[in-house]
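Below: the structure, in structure tokens.
The values are calculated or read from the model by the stated rules, or taken from the named source; none is laboratory data. Because the structure is a prediction, the values reported are computed rather than measured. Cβ placement follows ideal geometry from the backbone for every residue including glycine, while neighbour counts extend to all protein chains displayed. Heads up: the accessible areas ignore ligands, DNA and RNA and are worked out on the full protein's heavy atoms, side chains in. Shrake-Rupley method; radii C 1.70, N 1.55, O 1.52, S 1.80 Å.
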Amino acid sequence: MLDEDSYKLVYSEDRKMIKENVIKNLKSGLCSPFEYRALKKNGQLRWALQVVTSITYQGKRAILGNIKDISGLKQAQIRLKESYQRLQKTMQDTIKVIAKVVEVKDPYTAGHQQRVSQLSTCMAEELKLPKNKIEGIRIASLIHDIGKIGLPSEILSKPTKLIDIEYNLIRSHSQIGYDILKTIDFSWPIAQIVLQHHERLNGSGYPQGLNGEKILLEAKIIGIADVVEAMSSHRPYRPALGIDKALEEISQYKGILYDSQIVDTCLKLFKEKGFKFE
């Protein structure tokens with residue numbers, strides 16, 4: 001157990017925490033371990049793990065403490081955390097590059113994926129989804145149109161109405177996106193979300209004609225954000241229809257094409273919380 005002399009070797013910012021933990025363990029009768037930083041006589045910082053418990057010794061109450069040097073373990077944890085952070089940064093940078101590639105391929109929708117991601121993320125937060133699921137939605141929405149890199153540029157930028165064969169090619173971008181992403185081991189079902197973001201509740205969507213609960217929640221959210229952003233923005237074949245027209249669209253088909261709760265959340269963001277695309 002630490003005595004007064006030993007406390008002098010404890011990192012100053014941890015001394016109060018140690019005393020509080022010792023008192024808490026003794027009062028509760030538990031022996032929960034806790035970590036703290038200590039300094040060797042040469043000034044080297046070490047990590048210690050301490051367990052404190054109350055015992056009876058020779059008829060009197062006594063304190064039994066056990067201290068273990070865990071500096072090696074802590075250093076390994078720090079290295080692991082740093083490695084994870086580097087991996088996360090690499091993934092985020094890769095996602096940004098993929099999003100930029102789509103914009104280069106289809107310059108008329110530059111910023112579309114970022115704006116869809118902005119709205120999708122806000123809706124997910126408003127729905128109070130778990131943070132991990134929100135992050136998956138943010139990532140998937142940033143690259144939901146990655147499949148467009150497999151389509152002819154002249155179709156993507158065609159200023160007139162598409163003929164049937166061209167429209168069918170455009171519809172294939174969900175499947176192309178899935179095929180590109182399916183072998184990447186994301187922490188979320190990104191490929192499936194991208195595949196399903198044009199599916200609709202009544203089964204009229206594509207590419208699989210899924211309906212109801214067969215469609216991932218993440219895909220339903222991104223699908224609505226995609227419609228709202230696309231209708232409110234300029235396209236090669238038409239001028240922007242405006243946000244009011246976009247909100248009218250999802251309201252009209254609430255519960256038919258689009259999930260009712262998600263539609264209500266989207267309307268609330270725009271009409272009550274002042275959401276605007278950046």
*Can you work out which of the residues in the stretch 120-131 that are surrounded by 18 or more Cβ atoms within 10 Å (Cβ to Cβ) and of a type outside the set (A, V, I, L, M, F, W, C) is farthest from the chain's Cα centre (by Cα)?*
SER120
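Please go through the stretch 74-109 and give me each residue that is closer than 22 Å to ALA225 by Cα and open to solvent by less than 50 Å² (accessible area, probe 1.4 Å), ordered by number. Reasoning before the result, please.
Narrowing the stretch 74-109 to residues closer than 22 Å to ALA225 by Cα: 92, 95-109.
GLN92, ILE95, ILE98, ALA99, VAL102, GLU103, ASP106, THR109 - these are the residues of the stretch 74-109 that are closer than 22 Å to ALA225 by Cα and open to solvent by less than 50 Å² (accessible area, probe 1.4 Å).
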*Can you confirm whether the stretch 67-82 contains a residue that is at pLDDT below 85 and touching an Asp or Glu at 6+ places or on another chain (Cβ under 6 Å)?*
no
*State yes or no: is THR160 part of a loop (DSSP other than H, G, I, E, B) and among the hydroxyl-bearing types (Ser, Thr, Tyr)?*
yes
*Out of SER187, SER172, sole residue that is small (Gly, Ala, Ser) and touching a residue at least 40 places away in the same chain (Cβ under 8 Å)*: SER187
*Given the conditions (1) closer than 16 Å to SER141 by Cβ; (2) in contact with a Leu (Cβ under 6 Å, 6 or more places away or on another chain), which single one is not true for ILE222?*
(2)
*Selection within the stretch 258-278 - of a type in the set (Asp, Glu) and either closer than 10 Å to CYS122 by Cβ or crowded, with 18+ Cβ neighbours inside 10 Å (or both)*: ASP259
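When only residues in the stretch 146-165 that are of a type in the set (Val, Ile, Thr) and within 13 Å of VAL102 (Cβ to Cβ) count, which is most open to solvent (accessible area, probe 1.4 Å)? Let's see the steps before the verdict.
Just the residues of the stretch 146-165 that are of a type in the set (Val, Ile, Thr), to begin with: 146, 149, 155, 160, 163, 165.
Still in the running and within 13 Å of VAL102 (Cβ to Cβ): 146, 149.
Details: ILE146: 7, ILE149: 65 Å².
Among those that are of a type in the set (Val, Ile, Thr) and within 13 Å of VAL102 (Cβ to Cβ), it is ILE149.
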*For the stretch 192-214, how many residues meet the condition of being surrounded by 19 or more Cβ atoms within 10 Å (Cβ to Cβ) and either of a type in the set (Gly, Ala, Ser) or under 18 Å from THR265 (Cα atoms) (or both)?*
4
*So which helices (runs of 4 or more DSSP H) stay within the stretch 164-278 end to end and still have 1 or more residues that are among the hydroxyl-bearing types (Ser, Thr, Tyr), farther than 27 Å from LYS128 by Cβ and modelled with pLDDT of 95 or more?*
173-181
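Here are some residues: ALA219, ALA225, ALA240. Which one is open to solvent by less than 20 Å² (accessible area, probe 1.4 Å) and more than 16 Å from ARG171 (Cβ to Cβ)? It would help to see each step written out before you state the result.
Numbers: ALA219 fails: more than 16 Å from ARG171 (Cβ to Cβ); ALA240 fails: open to solvent by less than 20 Å² (accessible area, probe 1.4 Å).
Exactly one of ALA219, ALA225, ALA240 is open to solvent by less than 20 Å² (accessible area, probe 1.4 Å) and more than 16 Å from ARG171 (Cβ to Cβ), namely ALA225.
Please verify whether ILE134 is modelled with pLDDT of 95 or more, of a type in the set (Val, Ile, Thr) and either over 21 Å from TYR178 (Cβ atoms) or open to solvent by 10 Å² or more (accessible area, probe 1.4 Å) (or both), treating the condition exactly as stated. Talk me through it step by step, then tell me what you get.
Numbers: modelled with pLDDT of 95 or more: yes; of a type in the set (Val, Ile, Thr): yes; either over 21 Å from TYR178 (Cβ atoms) or open to solvent by 10 Å² or more (accessible area, probe 1.4 Å) (or both): yes.
Taking the combined requirement at face value, the residue satisfies it.
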_Condition first: over 18 Å from LEU9 (Cα atoms), part of a loop (DSSP other than H, G, I, E, B) and either open to solvent by less than 60 Å² (accessible area, probe 1.4 Å) or at pLDDT 70 or above (or both). Can you find one or more residues in the stretch 43-56 that meet it?_
no
